[in-house]
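Down below is the structure, laid out as C-alpha cells.
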Amino acid sequence: MKTNLFLSHSSSSYAIADNAYRMMCSELNNHFILISGESGAGKTEASKKILQYFAVTCPMTQSLQIARDRLLLSNPVLEAFGNARTLRNDNSSRFGKYMDIQFDFQGIPVGGHIISYLIEKSRVVYQNQGERNFHIFYQLLAGGEEERLAFLGLERDPQLYKYLSQGHCAKESSINDKNDWKTVSNAFSVIDFTEADLENLFGIIASVLHLGNIGFEEDDQGCATIPDTHEIKWIAKLLGVHATVLLEALTHRKIEAKTEEVICPLTLELSVYARDAMAKAVYGRTFTWLVNKINSSLVNKVGQCTLGTLLLLTWKTVIGLLDIYGFEVFDKNGFEQFCINYCNEKLQQLLIERTLKAEQAEYEMEGIEWEPIKYFNNKIICDLVEERHKGIISILDEECIRPGPATDLSFLEKLEEKVGKHAHFETRKLAGPKGRKRIGWMEFRLLHYAGEVTYCTKGFLEKNNDLLYRHLKEVLCKSKNVILRECFLRAELENRRRPPTVGTQFKNSLSSLLEILISKEPSYIRCIKPNDRKEPSKFDDFLIRHQIKYLGLMEHLRVRRAGFAYRRKYEHFLQRYKSLCPDTWPHWHGPPAEGVERLINYIGYKPEEYKLGKTKIFIRFPRTLFATEDALEFCKHQLVARIQATYKSCLGRREYVKKRQAAIKLEAHWRGALARKAIQRRKWAVRIIRKFIKGFISRNKPLCPDNEEFIVFVRKNYILNLRYHLPKTVLDKSWLRPPGILENASDLLRKMCVRNLVRQYCRGITAERKAMMQQKVVTSEIFRGRKDGYTESLNQPFANSRINEGDINPKVLQLISHEKIQYGVPVIKYDRKGFKARQRQLILTQKAAYVVELAKIKQKIEYSALKGVSTSNLRDGILVIHVSPEDKQKGDAVLQCGHMFEAVTKLVMLVKKENIVNVVQGSLQFFISPGKEGTIVFDTGPEEQIYKNKNGQLTVVSVRRKS
Ligand SMILES: Nc1ncnc2c1ncn2[C@@H]1O[C@H](COP(=O)(O)OP(=O)(O)OP(=O)(O)O)[C@@H](O)[C@H]1O
C-alpha cells in the first residue's frame, strides 16, 4: 500500500492524479483519490482539476473524445442541480459524488460512472438567510429563453418564487447564472439529452417553483384550502396530472383502514408539509434520474470486435474520485449537517484506518523497528452515530417507527437516555453549567474529530422519515411526464413495507462506498480552507492550525517521515523488478525474500534506504524507488527490443514458411502443368509420328486420310529444301533428290529451273558469244569423240580476231582473202611447185612461224570448189582442204593449224557444209595437183614431227596425251 497525501493546490492535484494514473497503468490496479476538507476548502475544484488533467494528458483516440467530453461536461450539469450557495461556499456541493473514471488497457479514458449520495433535499423548500436554492432554478430564470419560460409559466425574477427567495440572496454578484446556464445547456447537448428530455426536466424544475408558490388558507373547519389554483394548473400541465386530483392530494390525505380507504382533509400545516414533501421528493428523485441519465451516456460502448479484442476492450481499470460535502458547522445545524458530518467522520476513519493505523500495524507485524505514534482515532464517534441499536441513527429510526406520539423532543430524550454517557455527546441537560448556556433545549452536541457541532433536533424525525403522502405518490405515479413516471414507479405503491429511513439509507450507502474505496489503492488530497470569508490570499492562522490538527496531518506527517515511502510484498516486488538482476531474470526459483535481497544487492541499495520485513520490503525514500523505476524503464527498452526482435524473427519465420509453402505449392502446380504439357506434347508427338509412319507406309498409295498429311509434309519439306539447293548455273547439274512421290514434279521443276537458268543465261550472253557457241556446237558435232585434243579445246574460246562470221560472206569465199587470219602456228604452204623444196625447209624450220593469209588459200581454192576437209584423229594440227576436181589445177591445200577445231569449224560454217569434214585414222589421200595424189600418214610418237618418209609420204607424228 502506498499512500499519497497532498494538501490542496492545483499542481499537487495534478501530481497526485498523475501518480495515481501511472501506478494504475503500471500495476494495472484500481485507485481512488479521496478529497477531503471543510466545506469551501476546494474539494470540488480539486476534483475538476484532476478531471481536466486526465482529459489533457491521457492518450486519446478520436472516437473516445466524446466519452472524455461527456465526463468533463457531466460536472457543470451535476453542479447546477446539486450545488448551491451556502454561507461557507458559493458553490457548495449539496450531494456526495463518487465518480469512477474507467481506463482501457492502453490507459485511455473510455467511460465513467457516478454514484451520488444524499442530496440535501430540504434546500429545495428552505434556505437559511444568505443561502440559495440549487443553482439550476436561478440559472433557468436568468438564462432560459423567453419561449421556454413562457412555456413553463415562469417569470425571470427569482424573488417571485418563495422557494428561491427565503435566503434573501437570489441575486448574487459572485455568481453569473446567465453564463452558467449557457454552460449547462451546452453540456446537455453533449450528454445525449434530447429536447423531450429537457422539456420534461425543466417542466419538473418549473413545477417545483410553482409548488412553492401555492398558498393555503384555513377554512372554518380548520382544513386547508387553496384559494388560487393558478399554480396548480401550471403544475398539472407541466407534470401531466389532473389539476383537481393534484389539488385534492395537496389538501387531503388518504388513510387506509383494513378494507376501506378514508380521505380526510389536511390541516394547513400538514398541507404545507405535503407540498414541501412533494417538492423535495420530486426534486430528489429527478436528481437521481439525472445521475442515471448521465451514467448511461458515460457507459463505455464496446463495438463489434473479436473475442481477444473484446477481452482487451472490456479490461478496465478505474480511478475513483470522491468529492463529497465537507465538514459543516453553521449557526443552526440540522439533520443534513448531521449526515454530512457523519460522512466526514467515516472518511476520516477510512483515512486513519488505511494510513496511521494500518501503516503502524504493518510495521509491527512485519517486525520492523518502530516507535508508535499516537493519534486520535475517531472510531468512537463513528460508533456513536452508527452502532446498531445503540447509535444515534438507530435511536432516530426507532423513534420514527415507534407507535405513539414521537417528536423531535422525545428523540432527544431517548438520546440522553441511551448515549448520554458518551464522551463525545452532550445536551443542555447533560452539560455542566458552562456548557449549558451554549446548548439549546432542543439541541445536542457532538464532539466531532473536527470540532464541536451543535445540532438542533427540530425536523430530525420528519427528515429521517422523508414521508410523502400516499395520495401524492399516486398522483405522481400517474404523471404523463416521462421522467416522473420513471422516478415514481407503481410498484412502490404496491409495496406495503416501510422504506428504510433516510439515515439508514445514508449509513448503508456510506458503508458500500467504503467497501468500494477499500478495494482500491488510495491517494488523498486534504484541502485546507484559508479563511472563512471566501477571500483570496488571506490565511487565517488559527483556522488553518485548527484544520491541520483535526485532520491529523501532524500525526500523519510523523508516520510518513519515520516510516517508509513504499512497501511491497516480496513476490510482487520481485515480479516487477526481477529483470534488473541477471540472477532473478527471467525466473527466480528460490524463496522470494532471498530473490529480493539478491536483487537489491545487485542494484546497489544502501542499508539505510530499505528494510526487509517478514513478507515485504520497505523502501524509505521515494527517490530510491524512482531510481529503481527509472532502471526498470531503461531495462524495459532492452527487453522490449529483445521481445521485438524475437517477435519479428517469429513473424519473419512465419512469413518465410508461408512463402515457402506457397512456393512449393506453386512449384508443384507449375511442375504439374509442365508435366501435363509434356504429356500432351508427347501424345501429340506420338500421334504425329504414328501418322508419319502410316503416311510413310502408305506414301505410294493414292491420296487418302492415312497419307495425306505425310505427303503434304514431304512435299512442303522437299519444296522448302529445294529452294536452298537449286542449281546456280546452267552447267550445274546437281539436283536435290526427290522422294518417290515427287519424282514427276521434281522433273518438271528441274526442267523449269533449267529452262529458267538457260533463259537467264541466254539473256546474259552476247551476240558474239552466241555465235561462238554455235560454232562450238558445230565443232562438237564434227569432232566430239573423233579427234584427240577436242576435249581440251572446249575451254579455248574462239577468237573473233581470228575469223569473224560477220566479216565473212559465206557465199563469197573471196572475202576471206581480205581477212588476215593469224593462226599463230606454222603453216605448210603446199603447192605443186614448191612442195619438195619447202617440205625439206619445213622439216628444218618446223618451229618457225608463218603467217598465211587466207587470201592465199583463196588463191588456191574457191568457195564453190571446196569439197571437203580432212584431218586426222590425232593431236596434230594438219588440215587438208579438198578442192573440187574441176579445179584440179590448183590441188588440195595442206595446212598445219594451231587452232585446228576453230579453223575447221569456221571454214565449214562459211561454206555451210558441216558434213564435209572427214576425220581419218592412219592416213589420208589428197591431190597434190590434178591427177596427182599424195598421202599423209599420221602417227604418234614421243615428239611432234613432220617429215617425208621413204615412200615419199608426208608423215605427221604427234604426241599422244591422255585426255
Ligand atoms: N485551488 C483553488 N484556487 C482558487 N480558488 C479556489 C481553489 N479551490 C477552491 N477555490 C475557491 O473556493 C471555492 C470553494 O471551493 P469548492 O467548491 O471546491 O469547495 P468544496 O470543498 O468543494 O466545498 P463543499 O464541501 O461545500 O462542496 C471555489 O468556488 C473557489 O472560489
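The sole residue among Arg22, Arg68 that is at pLDDT 85 or above, more than 13 Å from the ligand (Cβ to nearest atom) and open to solvent by 10 Å² or more (accessible area, probe 1.4 Å) is Arg22. Scanning segment 71-79 for any residue that is within 34 Å of the chain's Cα centre (by Cα), farther than 30 Å from Arg132 by Cβ and more than 16 Å from the ligand (Cβ to nearest atom) turns up nothing. Selection of segment 88-99 for residues being within 24 Å of Pro522 (Cα to Cα), surrounded by fewer than 22 Cβ atoms within 10 Å (Cβ to Cβ) and either within 8 Å of the ligand (Cβ to nearest atom) or among the charged types (D, E, K, R) (or both) yields an empty set.
Is it fair to say Ser116 is closer than 23 Å to Ala41 by Cβ, polar (S, T, N, Q), surrounded by 24 or more Cβ atoms within 10 Å (Cβ to Cβ) and within 16 Å of the ligand (Cβ to nearest atom)? For Ser116, the condition - closer than 23 Å to Ala41 by Cβ, polar (S, T, N, Q), surrounded by 24 or more Cβ atoms within 10 Å (Cβ to Cβ) and within 16 Å of the ligand (Cβ to nearest atom) - is not met.
For (1) more than 17 Å from Ile340 (Cα to Cα); (2) in contact (Cβ under 8 Å) with a residue 12 or more places away in the chain; (3) among the hydrophobic types (A, V, I, L, M, F, W, C), each residue gets a yes or a no:
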site: Gly420; (1), (2), (3): yes, no, no
site: Met442; (1), (2), (3): yes, yes, yes
site: Leu446; (1), (2), (3): no, yes, yes
site: Gly451; (1), (2), (3): no, yes, no
site: Thr457; (1), (2), (3): no, yes, no
site: Asn464; (1), (2), (3): no, yes, no
site: Arg470; (1), (2), (3): yes, yes, no
site: Glu486; (1), (2), (3): yes, yes, no
site: Glu492; (1), (2), (3): yes, yes, no
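If you check Pro499, Pro536 for being within 16 Å of the ligand (Cβ to nearest atom) and at pLDDT below 90, only one passes: Pro536. When we screen Ala279, Ala257, Ala274 for residues that are more than 60 Å from the chain's Cα centre (by Cα) and at pLDDT 90 or above, the only hit is Ala274.
Return yes when Leu557 is under 30 Å from Val453 (Cα atoms) and without any contact (Cβ under 8 Å) to a residue 24 or more places away in the chain and no when it is not. Judged against the criteria, Leu557 is a match. Kindly provide the set of residues from segment 512-545 that are in a helix (DSSP H, G or I), touching a residue at least 60 places away in the same chain (Cβ under 8 Å) and open to solvent by less than 70 Å² (accessible area, probe 1.4 Å), ordered by number. Passing the criteria: Leu513, Leu514, Ile516, Leu517. Just for helices (runs of 4 or more DSSP H) wholly inside segment 428-484: which have at least 1 residues that are under 60 Å from the mean Cα position of the chain (by Cα)? Fully inside segment 428-484 and qualifying: 470-477. Figure legend. Inter-residue proximity from segment 39-51: first residues closer than 16 Å to Ala17 by Cα, second residues near the ligand (Cβ under 6 Å from one of its atoms) and assigned to a helix (DSSP H, G or I), beta-carbon distance below 9 Å, spacing 6+ or different chains. Indicated pairs: Glu45/Ser10; Ala46/Ser10; Lys49/Ser10. Among the candidates Ile255, Ile232, the residue that is crowded, with 18+ Cβ neighbours inside 10 Å and in the same structural domain as Glu120 (by the TED database) is uniquely Ile232. Taken over segment 153-162, the criterion of being more than 60 Å from the chain's Cα centre (by Cα) and open to solvent by less than 40 Å² (accessible area, probe 1.4 Å) is satisfied by Tyr161 alone. Per this entry, Leu720 is not counted among residues that are open to solvent by 90 Å² or more (accessible area, probe 1.4 Å), closer than 30 Å to Val754 by Cα and not basic (Lys, Arg). Residues in segment 317-346 that are aromatic (Phe, Trp, Tyr) and at pLDDT 90 or above: 3 in all.
Is it fair to say Asp104 is away from the ligand (no atom under 16 Å from the Cβ), of a type in the set (D, E, K, R) and farther than 17 Å from Leu347 by Cβ? So Asp104 fits the description; yes. Inside segment 121-176, residues that are within 23 Å of Glu462 (Cβ to Cβ), modelled with pLDDT under 90 and in contact with a Lys or Arg (Cβ under 9 Å, 6 or more places away or on another chain) make up a count of 4. Annotation note: of Gly695, Gly740, Gly785, Gly764, the sole residue that is among the small types (Gly, Ala, Ser), open to solvent by less than 40 Å² (accessible area, probe 1.4 Å) and either over 60 Å from the mean Cα position of the chain (by Cα) or over 30 Å from Lys912 (Cβ atoms) (or both) is Gly695. Look at segment 607-628: where a residue is over 19 Å from Lys578 (Cα atoms), no partner that is assigned to a helix (DSSP H, G or I) and open to solvent by less than 10 Å² (accessible area, probe 1.4 Å) sits 6+ places away or on another chain with Cβ atoms under 9 Å. In segment 184-229, the residue that is surrounded by the most Cβ atoms within 10 Å (Cβ to Cβ) out of those that are among the aromatic types (Phe, Trp, Tyr) and assigned to a loop (DSSP other than H, G, I, E, B) is Phe216. Does segment 41-51 contain at least one residue that is aliphatic (A, V, I, L, M) and either open to solvent by 30 Å² or more (accessible area, probe 1.4 Å) or under 37 Å from the mean Cα position of the chain (by Cα) (or both)? Within segment 41-51, one or more residues are aliphatic (A, V, I, L, M) and either open to solvent by 30 Å² or more (accessible area, probe 1.4 Å) or under 37 Å from the mean Cα position of the chain (by Cα) (or both).
The values are calculated or read from the model by the stated rules, or taken from the named source; none is laboratory data. This is a predicted model, so every value here is computed, not measured. Note that each Cβ is placed from the backbone with ideal geometry, even for glycine, and that neighbours are counted across all protein chains shown. In case anyone asks, the SASA skips ligands and DNA or RNA and just uses the protein heavy atoms, side chains included. Shrake-Rupley method; radii C 1.70, N 1.55, O 1.52, S 1.80 Å.
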